[in-house]
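The values are calculated or read from the model by the stated rules, or taken from the named source; none is laboratory data. Treat the numbers as computed from the prediction; the structure is a model and nothing was measured. Neighbour counts run over all protein chains shown; Cβ positions are idealised from the backbone, glycine included.
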Ligand code: GLA
């Protein structure tokens, strides 16, 4: 709810308020649990001994913290002192076409500022998602004067705290190790979480949580390009958080009358991590995702066959995939072009290689007979230099005219800032989808930016223009093919962000399919993103990335908590293993609704050795938990999120590597406060099989006194 007064505006959230006070042309913005505890600001002084909590900041005031805006003009003047002009309620805001955004912007606040020299107008927007304790914010900058201006930094959201001592959680990693939970403290100085490699990256996800004991704030960005968050504690013991596009290489020229709108930032507020997790999940499910949460079980050919995806191999895999209960067969890399036998050629040539895997008719009728839908892997933003595409349209690739480009994975990125390239891709992919009629498309992106050049973008701001092109491509195809399920991918989870999720509901979480590594990856990912967005496949042991052995049961337990699928070479699986997979796909189908749509609660012991993740229904009568011990000992596992007074019956998913475990029915209070000790008795076979040193169980809780 938003209430506007003459000199005060309040956005009410669930238990928190965002309070805007107006004084002497400045807007003070504070987030608080208790409005009465806010000290009134009675006068504004330009004084380096005071750091005011402001809604915006720019160069020119006595405020030497990191600023939201850096603008200069052709004379290199940087001083822009913005003065409040008015605030309005915005009803039913119309979003920019072809750019990711939160849906349902029913009610918002617009604050308008104009700088002292009346050259630039700044509009700041806040939209209230009260139910999800989330605010969406962005700014719009308009050049009012004849002379051009250049925006060197435009952050989407600023939040100032009037104290210090905040902790920071970021989601960091690298290929096959994405989004590990990383904790830091902010001391005097600036903490930066950012990406400069052209995408949101596996190195530092855009999400960042800033908290003290009472207040947890999760910031995120609805954007897939270079991002940046800054958290600064200054000499006056205040803390400022900024989130937005990375200002590295940013130079947005605005001529008279032109405007620039930043990507949207989200701010989710709660009193602890579990609250944040659920508010964030609900916000994303209700306002970011395009489709529902229930997707088919896919079999993906990558780890099973890599490029050796010939007709005999894929048909064998398809036979086995259907026999264990998969619903879609996804042809990963290798099905297209003249002869894609490795990474060096054909990328960009999006037509079926019927010599390798059969004609379209053969594929379709084979899959139909097996009751399988068809999925295709594509990587449309790229090309190999050894491809028909590059030979025909060399200017489509992003590279300097007279420099040897850096190749990563033997490929170049296409210049998506060029409208012609987007039109070409829309046409090519439309033809491909019309022709092949896939039910499922895995959309990959496998290299980072190095040779950033385009004659279509003058000055800086290339990355933003690239993403404008990509989003037009993605939204056009999503509109044209509303029934296709798209799965995002970027060398695994290198572009796991709210921009991609606005079009593609599911993202291949990581190429890291080792069960233990997956615990860390999924633990971090699910602190921000709902389980239904994570694509989790059971793969083979020893794992292809870590070369470590793990039990099939541990691999299943971890894959269950998301969109479960298969990546395992089923032709190498034993009869027993196939049986176990079949039984557990059916177990997953029975529990999927609860897993994907329940509220999520996590418990960790103080040494981070034991973790329990639960999905719990609204009534708290049904729950399903994954418990993992990272050192194979379950001294005590507790379960968060239950109803204290309810008595629960615990049924363990039966695992071939452990003896049957039974517990008496226990109250929610007992389970949350005392927890249980699970036997660590493994059968001999498990000891040999399990080189990763974890133990895991899936337990279903059912209320017996509803
Ligand atoms: C990336 C993806 C993999 C697979 C390969 C194919 O690495 O993350 O899942 O699709 O590309 O080349």
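Within region 524-549, if we keep just the residues that are closer than 26 Å to residue 324 by Cα and under 10 Å from the mean Cα position of the chain (by Cα), the residue that is nearest to the ligand (Cβ to nearest atom) turns out to be 534. For residue 367, the requirement of being outside any strand (DSSP E or B) and either within 20 Å of residue 300 (Cα to Cα) or within 13 Å of the ligand (Cβ to nearest atom) (or both) is met. Only helices (runs of 4 or more DSSP H) whose full extent lies in region 251-343 are considered here, and the ones with at least 3 residues that are away from the ligand (no atom under 16 Å from the Cβ) and within 30 Å of residue 97 (Cβ to Cβ) are 273-287. Taken together, the criteria place residue 521 among residues that are within 16 Å of the ligand (Cβ to nearest atom), crowded, with 24+ Cβ neighbours inside 10 Å and either free of Cβ contacts under 8 Å to residues at least 40 places away in the same chain or within 22 Å of residue 600 (Cα to Cα) (or both). The set of residues in region 115-126 that are surrounded by fewer than 18 Cβ atoms within 10 Å (Cβ to Cβ) and outside any loop (DSSP other than H, G, I, E, B) contains only 121. With respect to (1) in contact with a strand residue (DSSP E or B) (Cβ under 8 Å, 6 or more places away or on another chain); (2) within 27 Å of residue 410 (Cβ to Cβ), the lone exception for residue 311 is condition (1). Search region 127-140 for residues being surrounded by fewer than 23 Cβ atoms within 10 Å (Cβ to Cβ) and in contact with a strand residue (DSSP E or B) (Cβ under 6 Å, 6 or more places away or on another chain), and hand back the single one that is nearest to residue 189 (Cα to Cα). Restricting to residues being surrounded by fewer than 23 Cβ atoms within 10 Å (Cβ to Cβ) and in contact with a strand residue (DSSP E or B) (Cβ under 6 Å, 6 or more places away or on another chain), the top hit is 140. The number of residues in region 265-287 that are buried (at least 24 other Cβ atoms within 10 Å of the Cβ) and out of contact with any strand residue (DSSP E or B) (no Cβ under 8 Å at 6 or more places or on another chain) comes to 1. Evaluate the following for residue 675: is it on the phi > 0 side of the Ramachandran plot and either touching a strand residue (DSSP E or B) at 6+ places or on another chain (Cβ under 9 Å) or modelled with pLDDT under 85 (or both)? Against the criterion (on the phi > 0 side of the Ramachandran plot and either touching a strand residue (DSSP E or B) at 6+ places or on another chain (Cβ under 9 Å) or modelled with pLDDT under 85 (or both)), residue 675 qualifies.
Quick one: would you say residue 458 is more than 16 Å from the ligand (Cβ to nearest atom), part of a helix (DSSP H, G or I) and more than 30 Å from residue 549 (Cβ to Cβ)? Here the answer is no, as residue 458 does not meet what is asked. Of all residue pairs spaced 6 or more apart or on separate chains, none has beta-carbon atoms under 9 Å together with a first member in region 428-445 that is farther than 13 Å from residue 378 by Cα and a second member that is within 16 Å of the ligand (Cβ to nearest atom) and in a helix (DSSP H, G or I).
Filter region 400-413 down to the residues that are touching a residue at least 40 places away in the same chain (Cβ under 8 Å) and crowded, with 23+ Cβ neighbours inside 10 Å, then identify the one that is nearest to the ligand (Cβ to nearest atom). Restricting to residues being touching a residue at least 40 places away in the same chain (Cβ under 8 Å) and crowded, with 23+ Cβ neighbours inside 10 Å, the top hit is 411. Restricting region 487-503 to residues that are more than 14 Å from the ligand (Cβ to nearest atom) and more than 15 Å from residue 199 (Cα to Cα), which is surrounded by the most Cβ atoms within 10 Å (Cβ to Cβ)? Out of the qualifying residues, it is 502.
Checking each residue in region 28-39 for being over 20 Å from residue 63 (Cβ atoms) and not in a helix (DSSP H, G or I) picks out 32, 33, 34. Screening residue 517 with (1) over 22 Å from residue 551 (Cβ atoms); (2) in a helix (DSSP H, G or I) gives one miss only, at (1). For region 461-492, the set of residues classified as assigned to a loop (DSSP other than H, G, I, E, B) and at pLDDT 95 or above consists of 481, 482, 483, 484, 489, 491, 492, listed by residue number. Considering each residue of region 387-399, count those that are more than 16 Å from the ligand (Cβ to nearest atom) and either assigned to a helix (DSSP H, G or I) or out of contact with any helix residue (DSSP H, G or I) (no Cβ under 9 Å at 6 or more places or on another chain) (or both), and give that number. Going through region 387-399 one residue at a time, the tally reaches 9. Checked against (1) out of contact with any strand residue (DSSP E or B) (no Cβ under 7 Å at 6 or more places or on another chain); (2) within 24 Å of residue 246 (Cβ to Cβ); (3) not in a loop (DSSP other than H, G, I, E, B), residue 70 meets all criteria but (1).
Selection of region 406-443 for residues being in a loop (DSSP other than H, G, I, E, B), within 25 Å of residue 341 (Cβ to Cβ) and in contact with a strand residue (DSSP E or B) (Cβ under 6 Å, 6 or more places away or on another chain) yields 410, 438.
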